[in-house]
1. Would you confirm whether any residue within the range 204-212 is of a type in the set (A, V, I, L, M), more than 29 Å from K121 (Cα to Cα) and out of contact with any His (no Cβ under 7 Å at 6 or more places or on another chain)?
2. So which of A190, A251 is surrounded by fewer than 16 Cβ atoms within 10 Å (Cβ to Cβ), in contact (Cβ under 8 Å) with a residue 60 or more places away in the chain and closer than 30 Å to G152 by Cα?
3. With the range 34-113 as the region, which strands (runs of 3 or more DSSP E) entirely inside it contain at least 1 residues that are under 15 Å from G186 (Cβ atoms)?
4. May I ask you to list the residues in the range 114-140 that are in a strand (DSSP E or B) and either open to solvent by less than 20 Å² (accessible area, probe 1.4 Å) or hydrophobic (A, V, I, L, M, F, W, C) (or both)?
5. Taking S100, is it more than 27 Å from E229 (Cα to Cα), surrounded by 11 or more Cβ atoms within 10 Å (Cβ to Cβ) and in contact with an Asp or Glu (Cβ under 6 Å, 6 or more places away or on another chain)?
6. Mind listing just one residue for me: the one in the range 60-74 that is out of contact with any Ser or Thr (no Cβ under 7 Å at 6 or more places or on another chain) and open to solvent by 50 Å² or more (accessible area, probe 1.4 Å) and, of those, nearest to A26 (Cα to Cα)?
7. Can you list residue pairs whose Cβ atoms sit under 7 Å apart, with the first residue in the range 49-70 being farther than 15 Å from L96 by Cβ and the second being open to solvent by 20 Å² or more (accessible area, probe 1.4 Å) and in a helix (DSSP H, G or I)? Count only pairs 6 or more apart in sequence or on different chains.
Amino acid sequence: MSFKAVQVEGALDRYLTLDQKGSIIATYVWIDGSGECLRAKSRTLNQLPKDPKELPIWTFDGSSTGQASVHDSEVLLTAVAIFKDPFLRGDNILVLCECSTPDGTPVASNHRRTCVERMEKVKEHEPWFGIEQEYLLLDPIDDYPYGWPKNGFPAPQGPYYCAVGADRIFGRSVVEAHYRACLFAGIQVAGTNAEVMPGQWEYQVGPCTGIEMGDQLWMSRYILHRVCEDFGVKATLDPKPVPGDWNGAGAHCNYSTKKMREEGGMK
């Protein structure tokens with residue numbers, strides 16, 4: 001006899017209201033060896049940290065994430081940014097981390113360390129970034145675009161961009177949930193809209209100064225994937241997820257410096 005796990009709607013809610021007796025759940029989030037996918041695990045803290053430096057360094061098995069060999073698999077997690085946890089709520093937190101070897105050397109997929117160094121050198125210019133992150137919702141069973149007819153294709157592109165209506169919009173509940181979750185977490189989401197391809201959406205993060213842009217963007221992606229779990233769908237950031245005459249997806253970057261923003265400033 002075989003059994004299939006069934007997710008009961010609202011089942012988690014009764015546990016989210018339980019008293020944690022002053023303990024804080026910190027979910028450490030990091031980019032794995034692919035440079036694209038995110039990993040996470042949680043630990044208990046005795047008090048709420050006010051600064052990432054107050055959080056303990058943690059470790060994980062890097063041989064299981066493409067970041068170390070099986071012969072020397074320990075990788076360190078160092079907290080670099082803290083966000084409120086929209087899933088566990090309360091005082092619980094999401095923690096973005098950098099990955100390094102035990103001697104402190106950044107692992108190959110850790111590009112943040114170099115970016116921080118560059119941002120420090122140009123901080124007097126007060127660089128602002130705004131990212132327009134596009135993504136496509138998929139059926140997790142067959143990776144087919146969410147809402148598309150299984151044995152064919154929807155009508156050609158044109159009526160879906162910024163549209164309304166059940167025949168043109170697929171997945172709005174996911175989008176609204178992600179939007180609220182990001183704002184709760186403290187991520188500067190500026191807006192969102194339906195994109196040109198059906199089932200494709202965009203949200204904008206920023207303007208953020210320096211390294212905050214990357215930190216907020218990556219955590220917003222983590223939150224997106226977590227929200228998708230709850231709705232039984234999958235999000236892909238693939239630049240060309242569907243072959244043929246269907247739009248790709250990007251992460252368009254908007255940038256300015258203090259001089260560019262001044263009246264009559266640099267063009």
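1. no
2. After applying the criteria, what remains is A251.
3. Ranges flagged: 74-84, 93-100.
4. Correct list: W128, F129, G130, I131, Q133, E134, Y135, L136, L137, L138.
5. So S100 fails the test.
6. S64
7. Taking only residues 6 or more apart or on different chains, the pairs are S69/S63; V70/S63.
The values are calculated or read from the model by the stated rules, or taken from the named source; none is laboratory data. This structure is a prediction, so every number in the text was calculated from the model and none was measured. Note that we place each Cβ from the backbone using ideal geometry, even for glycine, and neighbour counts take in every protein chain shown. For accessibility, only protein heavy atoms count, side chains too; no ligands or nucleic acids. Shrake-Rupley method; radii C 1.70, N 1.55, O 1.52, S 1.80 Å.
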